[in-house]
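Let me begin by presenting the structure, written as structure tokens, before commenting on it.
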Amino acid sequence: MERSKGVRGENEAAGIFRAHGLPVDRTVQNSGFYLRGDLTGLDGYFLSVKRQEVLRLPQWTREAESEAGDAVPIVCYRSNGEPWRASLSLDALAGLIAAARGNE
């Protein structure tokens, strides 16, 4: 049940990205072939998805940062009855805003 909840969460989060025109999909993990992150399609970003009632954001952030390599680690998360949210470092957020405004 927990695994199916995670898969549903990954599909929900991917759907939000796709609704904004971004080519994001679930990362399919096959034996012998490992892709990083729960979602794929955005080069330069490591997307981790957590669909849990008990929020462990500091732990999830550390895990994403340790697995992201050179990519920007982003944790997408939600609990029941709450909207999807994302967590990333303030430095990464400032860089994204600056790039969107043409400052970089």
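Hydropathy at least 1.0 by Kyte-Doolittle, axial extent at least 24 angstrom from the Cα trace: which helices of the chain, defined as entire DSSP H runs, fit?
none
Given a 1.4 Å probe and every protein chain left where it sits, what share in percent of the accessible area of the chain is carbon and sulfur?
52 percent
Among DSSP beta bridges lying fully in the range 20-104, give the percent that are antiparallel, nearest 5.
Of the beta bridges lying entirely in the range 20-104, close to 50 percent run antiparallel.
222 nm [θ] for the chain, helices only, -39500 (n - 2.57) per DSSP H run of 4+, per residue, to 500?
Only helices count here, giving -12500 deg cm²/dmol.
Give me Rg over Rh for the range 62-104, both radii from the alpha carbons and Rh done the Kirkwood way, two decimal places.
Result for the range 62-104 is an Rg/Rh of 1.07.
Given C-alpha coordinates of the chain, what is the ratio Rg to Rh with the Kirkwood estimate of Rh?
Checking Rg against Rh, the ratio lands at 0.96.
Report, in debye and to the nearest 20, how large the dipole of the chain comes out about its Cα centre when Lys and Arg carry +1 and Asp and Glu carry -1 on their Cβ.
360 debye
Once amide H atoms are placed 1.01 Å from N in the peptide plane, what residues at a sequence separation of 5 or more from residue 50, or on another chain, have their amide H within under 5 Å of its amide H?
Long-range HN contacts for residue 50: 76, 77, 78.
Tell me, what is the percent relative contact order of the range 5-104, built from C-alpha pairs under 8 Å that lie six or more residues apart? All intermediate terms of the calculation are to be shown ahead of the outcome.
Numbers: 139 pairs, mean separation 20.1, N = 100.
Across the range 5-104, relative contact order equals 20 percent.
The values are calculated or read from the model by the stated rules, or taken from the named source; none is laboratory data. In this text the structure is predicted, and so the values were computed from the model without any measurement. Here Cβ is always computed from backbone atoms with ideal geometry, including for glycine, and neighbour counts include all displayed protein chains. Just so you know, the surface numbers come from the protein's heavy atoms only, side chains and all, with ligands and any DNA or RNA stripped out. Shrake-Rupley method; radii C 1.70, N 1.55, O 1.52, S 1.80 Å.
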